[in-house]
Amino acid sequence: MQNKTGRLFLDHASTTWMDEEVRAEIDKVTRQIGGNPSSIHEEGRRARFLIEESRETVAGLLGLRPSEVVFTGSATESINSVLQGYYWLTTPLTTFYSTLAEHHATTETIEFLGDYGARFYWLPVDQWGTPDIDSVTGPALVSLMAVNNELGTILPSGFLQELKKKQVKIHIDGVQGLGKIDMTPYLSADFLSFSGHKIRGPRGVGLMIIRQGNELKPLLHGGSQERNRRSGTEATALIAGFTLALKKALKDQAPVSDQIRSVNHHLRSLLHDRLPSIRVNSPETGSPWILNLTLFLPDGRLADGEAVIMGLDSAGISVSNGSACSSGSFEPSHVLFAIGQSTEEARSGLRISFGHDQSLSDVQRFVEALYTVLSRQF
Ligand code: PLP
């Protein structure tokens, strides 16, 4: 899909446009529900009702109990709440297992807790970012992504059964899986984190799932909201918008994912025909929504990734070299390092990530533009 400016946006894994009905719902709730959900008056009760109704809907859609659903401000907050909450519950005996191919919300939080005495182990990963979980022993918390946000690799769901035999707690970062792949097997984890803005919902809302029988110390204090698990006045309108976005994403998941799979296959085959020196870093069995490339030139040299991203940008096409960086600077992806790539290879990485209405002609336009931009470096 080209957006209204004629630009082609292929960076939907970083964030994506809000669904129009979701926007209308947020607008309606903002105008109609003004009370604080903790207030006992009519306006407060209406806000409380909407939040609890949203919680029940989200729980129903994911096959959970409403009491297991905690609304947060982002997936980053959710991940921090799980990891730091587990730390405060178990310190000085805290042990984490994760990988360096996770999102920085996970790796940097674990490293931060390491400074305060938590033991942590980075599991080895293969070329797709899939971890080797053999060395895991409990008691510990294992934190892994269901879908790698840069490579699209899907965590084998059988790992959850294997990990359960090891008496560990499991946290799944499900941000890039929700509404895109079948998340059912991952919902048996002890804790899960999700984000609103990756499923055409609003930015500023996320989910923390705490499955029954599990406990965490709260990260935020100062109110008793969310059953004492996340203090702070709830974002009523964003929660309602998130709930509608989730409903729509799950309803459309099968047909839309099929369409995206065909777009992904088309891109792979166009690249194979037109630019065969490019290496695809995403497994065929991965999420169809993400395709990661290393830009080898026909003579075997590596292309300058930053120049390619800027060249494509001038041609009206937005792609990235990995997850969005807070500083906006061009940093080689830590995930590509984690899977064993050199700095030069990581600097030639490109991540294409699709939106819900991406078409075959979009990837045709992308490949032609990529050819033109790359040929300046031939
Ligand atoms: N985890 C993964 C896998 C992500 O892709 C992202 C966002 O890029 C996050 C966590 C953080 O999500 P949020 O922007 O809601 O904090």
>> So, in segment 331-378, how many residues would count as being more than 21 Å from P124 (Cβ to Cβ) and open to solvent by 40 Å² or more (accessible area, probe 1.4 Å)?
In response: 16
>> Just checking, does segment 132-141 include any residue being away from the ligand (no atom under 16 Å from the Cβ), surrounded by fewer than 24 Cβ atoms within 10 Å (Cβ to Cβ) and not in a loop (DSSP other than H, G, I, E, B)?
In response: no
> What are the residues in segment 87-101 that are open to solvent by 10 Å² or more (accessible area, probe 1.4 Å), touching a Phe, Trp or Tyr at 6+ places or on another chain (Cβ under 9 Å) and not in a strand (DSSP E or B), if any?
Replying inline: Y87, T91, L100
> Which ones in segment 111-127 are open to solvent by 90 Å² or more (accessible area, probe 1.4 Å), touching a residue at least 24 places away in the same chain (Cβ under 8 Å) and under 19 Å from L93 (Cα atoms)?
Replying inline: Y116, R119, Y121
>> One residue is enough: does segment 236-259 have a residue meeting the conditions in contact with a Phe, Trp or Tyr (Cβ under 6 Å, 6 or more places away or on another chain) and over 26 Å from D126 (Cα atoms)?
In response: yes
> Of all residues in segment 51-86, which are assigned to a helix (DSSP H, G or I), away from the ligand (no atom under 16 Å from the Cβ) and open to solvent by 30 Å² or more (accessible area, probe 1.4 Å)?
Replying inline: E52, E53, E56, T57, G60, L61, P66, S67
>> Among the residues of segment 142-195, what is the count of those that are more than 11 Å from S287 (Cβ to Cβ), of a type in the set (V, I, T) and open to solvent by less than 10 Å² (accessible area, probe 1.4 Å)?
In response: 3
>> Test of understanding: among R365, R347, R351, R301, which residue is modelled with pLDDT under 95 and of a type outside the set (F, W, Y)?
In response: R347
> Within segment 266-277, can one find any residue that is open to solvent by less than 50 Å² (accessible area, probe 1.4 Å), touching a residue at least 24 places away in the same chain (Cβ under 8 Å), over 26 Å from R200 (Cβ atoms) and not in a helix (DSSP H, G or I)?
Replying inline: yes
>> For the list (1) in contact (Cβ under 8 Å) with a residue 24 or more places away in the chain; (2) touching a helix residue (DSSP H, G or I) at 6+ places or on another chain (Cβ under 9 Å); (3) of a type in the set (D, E), I need the number of the one condition that E284 fails.
In response: (1)
> Filter segment 198-208 for residues that are in a loop (DSSP other than H, G, I, E, B) and touching a strand residue (DSSP E or B) at 6+ places or on another chain (Cβ under 9 Å); which is surrounded by the most Cβ atoms within 10 Å (Cβ to Cβ)?
Replying inline: G201
> Mind checking which residues of segment 209-225 are within 16 Å of S188 (Cβ to Cβ), under 22 Å from the mean Cα position of the chain (by Cα) and either open to solvent by 80 Å² or more (accessible area, probe 1.4 Å) or within 16 Å of the ligand (Cβ to nearest atom) (or both)?
Replying inline: I209
> So which of L244, L250, L238 is assigned to a helix (DSSP H, G or I), open to solvent by 30 Å² or more (accessible area, probe 1.4 Å), within 14 Å of the ligand (Cβ to nearest atom) and at pLDDT 95 or above?
Replying inline: L238
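The values are calculated or read from the model by the stated rules, or taken from the named source; none is laboratory data. Note that this is a predicted model, so its numbers are computed, not measured. Because the Cβ atoms are built from the backbone with ideal geometry, glycine has one as well, and the counts that use them run over all protein chains shown. Keep in mind that these areas ignore ligands, DNA and RNA; they rest on the heavy atoms of the full protein, side chains included. Shrake-Rupley method; radii C 1.70, N 1.55, O 1.52, S 1.80 Å.
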